[in-house]
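The values are calculated or read from the model by the stated rules, or taken from the named source; none is laboratory data. These numbers come from a predicted model, not from an experiment. Neighbour counts run over all protein chains shown; Cβ positions are idealised from the backbone, glycine included. Surface areas here come from the heavy atoms of the whole protein model, side chains and all, with no ligands, DNA or RNA. Shrake-Rupley method; radii C 1.70, N 1.55, O 1.52, S 1.80 Å.
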Amino acid sequence: MPKVKRSRKPPPDGWELIEPTLDELEAKMREAETDPHEGKRKVEALWPIFRLHHQRSRYIYDLFYRRKAISRELYEYCLKENIADKNLIAKWKKQGYENLCCLRCIQARDTNFGTNCICRVPKSKLEAGKIVECIHCGCRGCSG
Amino acid sequence: MASSKGANTYNRQNWEDSEFPILCQTCLGDNPYLRMMKEPYGKECKICARPFTVFRWCPGARMRFKKTEVCQTCSKIKNVCQTCLLDLEYGLPVQVRDAALKIQDNMPKSDVNKEYYQQNMEREMALNDGVNPSGALGKAMAPSDMLLKLARTTPYYKRNRPHICSFWVKGECKRGEECPYRHEKPTDPDDPLADQNIKDRFYGMNDPVADKLMNRYTSMPKLEPPEDRTITTLYVGGLGDKVGETELKDYFYQFGEIRSINVVSKQQCAFVQFTTRAAAETASEKSFNKLIINGRRLNIKWGKSQGQIGTEREEKEEERHNLAPVPGLPGALPIPPEEISNNFFNLGPMPPMQLRGPMPPRGPPHMIPMFMRGPPPPGVRLPPPPPGMMPLRPPPGVMPRGHVPQMHYPSQDPNRMGATMQNR
């Protein structure tokens, strides 16, 4: 089933440039969704979804803010169409959150002691040699 | 059945609601800054099956999360940790502790009786000050030797390690280094220690750990009193510089009258001689493997009997001196009476004194250090040396071995005639 289009308006200029990449990510997402859960841990099941979601948002964010390759119209169209996650991008603009993996990892209210996820701890603050894989999205550290 | 914990009000009054868990040092872990999660009525007690407040915490880095398993009433009845069910004071299984203190605790195990018993115990505990353990344990508080020997004095954090990764055991663990479980070979399933159960551990029956500890206690080294009833001397080793005669006297006087204390500082040991055998036996029992004076653990042994020392000495002398006997000597001379030095009370010959090494038969001790482990204690009459041996000895140090000295007359030994003080 194709993605539901929110608006009847045709996409702005430059859409045809980013469309193949987005289609490819979309296909990968479909694959991840239909992937069997057997042999995975309970928490592992959603990790590929989170990773692809992050990748897609990151692609749009980079094109607009870093490489300045797409127009504002196209960027806003992508946000509106939910191709990029605007809440996640909003976090990326803040200092210290430039590489944030997902929004669940900074949701302190969901944890027992009101803390952020382990992947939000800078490598320098962790004990040496500790391998981190957060349970929300499988992030191995997104805080420098 | 009510769907939520809060809605179930049946018999609600005896649901436990506590602010703080009852835990041992080991279960708490090494970090003094501990965060705990508290869940009121989170689980049912594994002994009495009533809901209780569950606490959950991580006892340090690379440890597994622990939680309380039994309710506080159950824990107080047995004075055990809520998590590991080991005694709070000694860190020992209930079975070992009860055996050591000789407690017979017949807790009911059927449902109704259990409830009634819990209710009575709770009422009793409410009257108690809450500091001392209640029940049979509170009445039988006499620390036994067994408890002191088996008890853990320091926390044993190895107990908090994560469990063994069951996937790794099957060869299927895909998490590798990241795996929080232990990648180790599991213990032998036939090992009795592998089959433990929380109820048995709580009630103190068929506890394999307790059996192991009891076996360890029975196989601990014991000091057997020697057969020779005349031995009343204890050897005390490992004195170091800190322990002297006064300290030893201060400790050993409690067991009976001490005849002499003889400190050999060179060997860092001492010989404590009691007047009676009974005193020596109590002293050895009470101090073997547990005597610590000034921070030094002292090593207690029985002294050797005089007979053994004699034979040892003979052997030694034989190999040392191959001197020709004096011809025409009328055998051994009688030893001069001892009144010169020590026999103040005109006591009869004393029981033989034991030394670890052989005693010098005569001669100033400072001249033959390698031959002598310690000066003979004052007041001990040296046994007459065997007749054949006595005249063979040259004055030590006078002539080197293998030199000319062919003859040795007893009169050459100044000590023998009382010319010098008995070696002090």
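Dipole magnitude for segment B:23-137: about 500 debye, using +1 per Lys or Arg Cβ and -1 per Asp or Glu Cβ, origin at the Cα centre.
Projected label points at residue B:149 and residue A:55, each 7 Å from Cα along the beta carbon direction, are separated by 6.7 nanometres. For the pair residue A:125 and residue A:140 in one chain, pulling the backbone fully straight at 0.36 nm per residue adds 4.0 nm over the alpha carbon distance.
For chain A, what's the relative contact order in percent, using C-alpha pairs closer than 8 Å and at least 6 residues apart? That works out to 21 percent. Sorting B:80-86, B:245-251 by average packing, meaning the other beta carbons within 10 Å per residue, from highest down gives B:80-86, B:245-251.
Shape index of chain A: Rg/Rh, with Rg the Cα radius of gyration and Rh the Kirkwood radius from the inverse mean 1/r over Cα pairs, equals 1.01. Averaged over residues, the count of other Cβ atoms within 10 Å places the peptides B:158-168, B:172-182 in the sequence B:158-168, B:172-182, highest first. Fully extending the segment from residue B:265 to residue B:44, taken as 0.36 nm per residue of separation minus the present Cα-Cα distance, adds 73.2 nm.
Relative to the 2.2 N^0.38 Å rule of thumb, segment A:31-90 has a C-alpha radius of gyration ratio of 1.38. At full extension, residue B:193 and residue B:241 could sit 12.8 nm farther apart than now, given 0.36 nm per residue minus the alpha carbon distance.
Placing unit charges on the Cβ atoms only, positive for Lys and Arg and negative for Asp and Glu, gives chain A a dipole magnitude near 620 debye about its Cα centre. If I compute solvent accessible area with a 1.4 Å probe over the protein chains, what percent of it on segment B:233-315 is carbon and sulfur? Using a 1.4 Å probe with all protein chains present, segment B:233-315 comes out at 44 percent carbon and sulfur. Burial here means at least 20 square angstrom less accessible surface with every protein chain in place than with the chain by itself, probed at 1.4 Å; in segment A:95-144 the buried residues are A:112, A:113, A:127, A:131, A:133.
Here the average projected area of the convex hull drawn through the C-alpha atoms of segment A:59-144 stands at 6.6 nm². Under 20 Å from a label point set 7 Å out along the Cα-to-Cβ vector of residue B:169, the amide N atoms of segment A:40-83 belong to A:41.
If you sort A:110, A:23 by accessible surface, 1.4 Å probe, largest first, the order is A:110, A:23.
Taking the three principal axes of the alpha carbon atoms in segment A:90-130, the coordinate ranges are 32, 25, 13 Å, sorted in descending order. Here the spin labels are modelled as points 7 Å beyond Cα on the Cα-Cβ line, and at residue B:124 and residue B:106 they lie 1.4 nm apart. For segment B:10-220, pairs of C-alpha atoms spaced more than 22 angstrom apart make up 56 percent of the total.
With respect to the cross-link table entries B:38/B:114; B:46/B:66; B:67/B:102; A:42/B:66, which display a Cα-Cα separation exceeding 19 Å?
Details: B:38/B:114 26 Å; B:46/B:66 15 Å; B:67/B:102 31 Å; A:42/B:66 21 Å.
Checking Cα-Cα distances, B:38/B:114; B:67/B:102; A:42/B:66 exceed 19 Å.
Once backbone amide H atoms are built at 1.01 Å from N, residue B:156 has B:26 as its partners under 5 Å, excluding neighbours fewer than 5 places away on the same chain. Using the Cβ-Cβ distance between residue B:230 and residue B:17 with R0 set to 51 Å, the FRET efficiency works out to roughly 0.15. Which one of B:243, B:279, B:261 has its Cα pushed farthest toward the positive end of the charge dipole of segment B:233-315, where Lys and Arg give +1 and Asp and Glu give -1 at the Cβ? Ranked along the dipole, the leading option is B:243. Accessible surface buried by the B/A pair amounts to about 800 Å², both sides summed, 1.4 Å probe.
Here the spin labels are modelled as points 7 Å beyond Cα on the Cα-Cβ line, and at residue A:25 and residue B:179 they lie 3.5 nm apart.
The calculated Kirkwood hydrodynamic radius for segment B:154-256 is 19.8 Å, given to one decimal from all distinct C-alpha pairs. Pair-distance distribution of segment B:85-124: all C-alpha pairs, bin width 10 Å, starting at 0; shares per bin in whole percent are 27, 37, 36, 1.
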